[in-house]
C-alpha cells in the first residue's frame, strides 16, 4: 500500500502569514485609495476580490516566514517516502513561488479557476489523491470538511473554538502549537523603547520651571496617550514595510516581519492601542492636546505612505515629528513655547534623523546589501554625514545664542552655568557621529542613547547645570 499523500495548507499553517493579506498591504502601500476599491471588490465575492488584487500586485515571497515546527514534520514525512502537496486557496502563481523556494513539495494545488477553499479544496484533494488515504495540515474552521475525510488531521495553532468544533465533529486533531507569544514580543512590536521620545512632552514644563503638580500629572497622562498612539503608528509602519524589512539584515527580526506576530494580531493590536491612546489624550489632558496628537498621526501616515521613500523629506518629517512632541507638551499644559526651544529641537532632531539614515547605510555597506525602500544610495553617505553634523552644530549654536540672550538672563538666576551645557552637547554629538562613521552606531540613535552610559552621564550633567542655573 502506498504511503498517504500529505496535503498542507499555506496561509496560517505552513506560514504564520497570509499571502492575500500581504498583497492587500502592498496595494495600500502603492496607493491608499486602493482601500476603497478593495471594499468594492469584496462586495463582489471572494474569488473576484482575489483576482482583482492578483492582477495589480505580485507579492515577493522569497522571505515569507515559515513555521519551523510544521516544516520539520513535513521533512520527516518526506524522508519516509510520502508525497507532499502544498494545497492552498491562495493564487497558484504565489503558492508555486513558495513551493519552489522550499523544495520539499512534489506539486501544488491552488486557486486558478475558482476560490479553492473549504469543500472545493476537499474535492480537489480527493481528485488528486485518487482514492488513496491522505493527511491534511490546516488551521481554521474552513478546514473542518477536509479534516473530517483525512486519515490523519493536523491542526496548527488552532483556536479553542476550532478545537471544540473539530471535537464535536468527531475529528481527532493532532495539534502542532508554536510557542505562545511572550509579553516581550508584544512590547517589541509596540517598540516600547521608543516611548522615551515622549519625554519631550515635559520639556515645556522644565523650560518654564513649572512646579504645578496638576500640570505634571496631566502630562503624565499625555505621555501614556502619546505612547499608545505612537506604538499604533509604528505597527502600521512595520506592516507597510514587511517586504523591505525582511530584506534588511536586522529589521527582518521584527515581530511582524519574522511572523512572530501575525498580520491580524498586529492589526487588532494597532487599532486597540490607537483608540485607547486617543481616549487617554482626550480625557487625561485636553482637546488641544488631542488635536496635536491627531496632527502627529496624520504626519506619520503621510511619512509612511508618501514621503518615506523621498530623500531629505523623510528626515525633515522625522525631525518634525520629534518637534511636534514639544509642541504637544506646550499645548497640553498651556505654556507658551519659545522659538529658541523649537529651533534647537528642529536642528537637533534633524541631526539624529540623519544619524539613523547614515547608520542604516553603513550597516548595509558592511553586509554587502543595497538600500531597499529608501530614497538614498550608498554614494549619498558622505553628504548625509556632512548635513547631519552641520545640523547638530547649529543646534548647539542656537543654544549658545539663547544663553547669551535677554531671555536666558531673565529666566535664570545664574545663566552662566548654562554655558557648560554647550561643550557637553558638542561632545555628545561629535561622539554620536564618530561612532556612526566607525560603523558602531545601531540604526536607531534613541535606542543607542538609552543603553549608553555616556549618554546618561551627559543627561545627568545637563540636568545638574540646568538646576544650578535656575
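The values are calculated or read from the model by the stated rules, or taken from the named source; none is laboratory data. Just so it is clear, the structure is predicted and the values come from calculations on it, not from any experiment. Positions of Cβ are backbone-derived with ideal geometry, glycine not excepted, and every protein chain shown enters the neighbour counts.
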Note to self: If a residue counts only when it is under 16 Å from residue 315 (Cβ atoms), outside the structural domain of residue 197 (by TED's automatic domain parsing) and more than 29 Å from the chain's Cα centre (by Cα), which helices (runs of 4 or more DSSP H) contained entirely in the range 358-468 have at least 2 such residues?
What the structure shows: 381-404
Notebook entry, point to check: In the range 302-324, how many residues are under 21 Å from residue 31 (Cβ atoms) and part of a helix (DSSP H, G or I)?
Noted result: 9
Check: Which condition number in (1) under 30 Å from residue 349 (Cβ atoms); (2) modelled with pLDDT of 95 or more is the one that residue 193 fails?
Finding: (2)
Next item on the list: Quick one: in the range 24-41, of everything that is outside any loop (DSSP other than H, G, I, E, B) and in contact (Cβ under 8 Å) with a residue 60 or more places away in the chain, which residue is nearest to residue 143 (Cα to Cα)?
Entry: 25
Item checked: Members of the range 115-141 found to be at positive phi and surrounded by 15 or more Cβ atoms within 10 Å (Cβ to Cβ), listed by number -> 118
Checklist line | Leading residue by the ranking (surrounded by the most Cβ atoms within 10 Å (Cβ to Cβ)) among those in the range 353-375 that are at pLDDT below 80 and within 24 Å of residue 194 (Cα to Cα) | finding: 364
Margin query: Can you say whether residue 17 is in contact with a helix residue (DSSP H, G or I) (Cβ under 8 Å, 6 or more places away or on another chain), buried (at least 16 other Cβ atoms within 10 Å of the Cβ), assigned by TED's automatic domain parsing to the domain that holds residue 112 and outside any helix (DSSP H, G or I), as far as the supplied structure shows?
Written below: yes
Notebook entry, point to check: What number of residues in the range 153-169 are out of contact with any helix residue (DSSP H, G or I) (no Cβ under 8 Å at 6 or more places or on another chain) and over 22 Å from residue 66 (Cα atoms)?
Noted result: 5
Next item on the list: Check the range 58-70 and report whether any residue there is assigned to a helix (DSSP H, G or I) and surrounded by fewer than 21 Cβ atoms within 10 Å (Cβ to Cβ).
Entry: yes
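So that you can scan it fast, the table gives a plain yes or no per residue for (1) surrounded by fewer than 21 Cβ atoms within 10 Å (Cβ to Cβ); (2) assigned to a helix (DSSP H, G or I); (3) at positive phi:
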| position | (1), (2), (3) |
| --- | --- |
| 244 | yes, yes, no |
| 261 | no, no, no |
| 268 | yes, yes, no |
| 292 | no, yes, no |
Notebook entry, point to check: Within the range 164-214, which residues are on the phi > 0 side of the Ramachandran plot and in the same structural domain as residue 231 (by TED's automatic domain parsing)?
Noted result: 191, 209
Notebook entry, point to check: Among the residues of the range 408-425, how many are buried (at least 16 other Cβ atoms within 10 Å of the Cβ) and closer than 22 Å to residue 394 by Cα?
Noted result: 8
Notebook entry, point to check: Going by the conditions given, is residue 94 at pLDDT 95 or above and within 32 Å of the chain's Cα centre (by Cα)?
Noted result: yes
Checklist line | Residues within the range 85-101 that are surrounded by 21 or more Cβ atoms within 10 Å (Cβ to Cβ) and touching a residue at least 40 places away in the same chain (Cβ under 8 Å), tallied | finding: 10
Notebook entry, point to check: Got a sec? Which of 86, 102 is under 18 Å from residue 13 (Cα atoms), touching a strand residue (DSSP E or B) at 6+ places or on another chain (Cβ under 6 Å) and assigned by TED's automatic domain parsing to the domain that holds residue 50?
Noted result: 86
Notebook entry, point to check: Is it fair to say residue 310 is under 18 Å from residue 360 (Cα atoms), more than 14 Å from the chain's Cα centre (by Cα) and touching a residue at least 12 places away in the same chain (Cβ under 8 Å)?
Noted result: yes
Note to self: Going by what's in this entry, would residue 335 be described as more than 20 Å from the chain's Cα centre (by Cα), closer than 22 Å to residue 216 by Cβ and not in a helix (DSSP H, G or I)?
What the structure shows: yes
Note to self: Consider the range 198-214. How many of its residues are farther than 15 Å from residue 338 by Cβ and modelled with pLDDT under 90?
What the structure shows: 1
Note to self: Any residue at all in the range 160-181 that's buried (at least 20 other Cβ atoms within 10 Å of the Cβ) and either touching a residue at least 40 places away in the same chain (Cβ under 8 Å) or assigned to a helix (DSSP H, G or I) (or both)?
What the structure shows: yes
Checklist line | Selection count where residues are in a helix (DSSP H, G or I) and within 38 Å of the chain's Cα centre (by Cα), scope the range 109-123 | finding: 4
